[in-house]
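Asker: Okay, here's the structure, questions in a sec.
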């Protein structure tokens with residue numbers, strides 16, 4: 001969404017680097033993150049709370065993809081701001097069993 005501004009001021013951002021493939025690259029990175037999080041669950045034998053957090057994370061990632069679908073500037077910025085919820089959900093899935 002900020003590609004035009006980045007080009008105007010000469011910033012070498014990922015939006016400029018990935019150009020029309022930006023949504024595809026974001027989706028691929030989300031899939032890689034999700035697969036790594038699944039592997040972490042397997043390696044460390046994490047609890048059902050973590051598994052539930054992964055399901056919620058998958059839904060958040062899908063929601064973000066829908067938000068950026070049309071590359072509308074406001075929606076893309078909202079997806080960017082909303083991205084911190086993924087970290088919060090994963091953290092909660094790890095921390096909740098330690099609290100209970």
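Asker: Residue 32 passes all but one of (1) at pLDDT 95 or above; (2) surrounded by 12 or more Cβ atoms within 10 Å (Cβ to Cβ); (3) within 12 Å of the chain's Cα centre (by Cα); which number fails?
Answerer: The failed condition is (2).
Asker: Report whether or not residue 60 is under 11 Å from the mean Cα position of the chain (by Cα) and surrounded by 14 or more Cβ atoms within 10 Å (Cβ to Cβ).
Answerer: Numbers: under 11 Å from the mean Cα position of the chain (by Cα): yes; surrounded by 14 or more Cβ atoms within 10 Å (Cβ to Cβ): yes.
It is true that residue 60 is under 11 Å from the mean Cα position of the chain (by Cα) and surrounded by 14 or more Cβ atoms within 10 Å (Cβ to Cβ).
Asker: Among (1) surrounded by 13 or more Cβ atoms within 10 Å (Cβ to Cβ); (2) within 17 Å of the chain's Cα centre (by Cα), there is one condition residue 66 misses while meeting the rest; what is its number?
Answerer: Unmet for residue 66, out of (1) surrounded by 13 or more Cβ atoms within 10 Å (Cβ to Cβ); (2) within 17 Å of the chain's Cα centre (by Cα): (1).
Asker: Under 6 Å between Cβ atoms, at least 6 apart or on separate chains: pull out the pairs that start in region 31-58 with a residue that is without any contact (Cβ under 8 Å) to a residue 40 or more places away in the chain and end on any residue that is in a helix (DSSP H, G or I) and surrounded by 10 or more Cβ atoms within 10 Å (Cβ to Cβ).
Answerer: Correct list of pairs: 41/50; 54/37; 56/89; 57/86; 57/89.
Asker: Among (1) in contact with a helix residue (DSSP H, G or I) (Cβ under 9 Å, 6 or more places away or on another chain); (2) under 30 Å from residue 99 (Cα atoms), which single condition is residue 18 missing?
Answerer: (2)
Asker: With respect to residue 80, is the statement that it is within 16 Å of the chain's Cα centre (by Cα) and at pLDDT 90 or above true?
Answerer: Taking the combined requirement at face value, the residue satisfies it.
The values are calculated or read from the model by the stated rules, or taken from the named source; none is laboratory data. Model, not experiment: these values are computed from the prediction. Quick reminder, even Gly has a Cβ in these numbers, built from the backbone with ideal geometry, and neighbours come from all protein chains shown.
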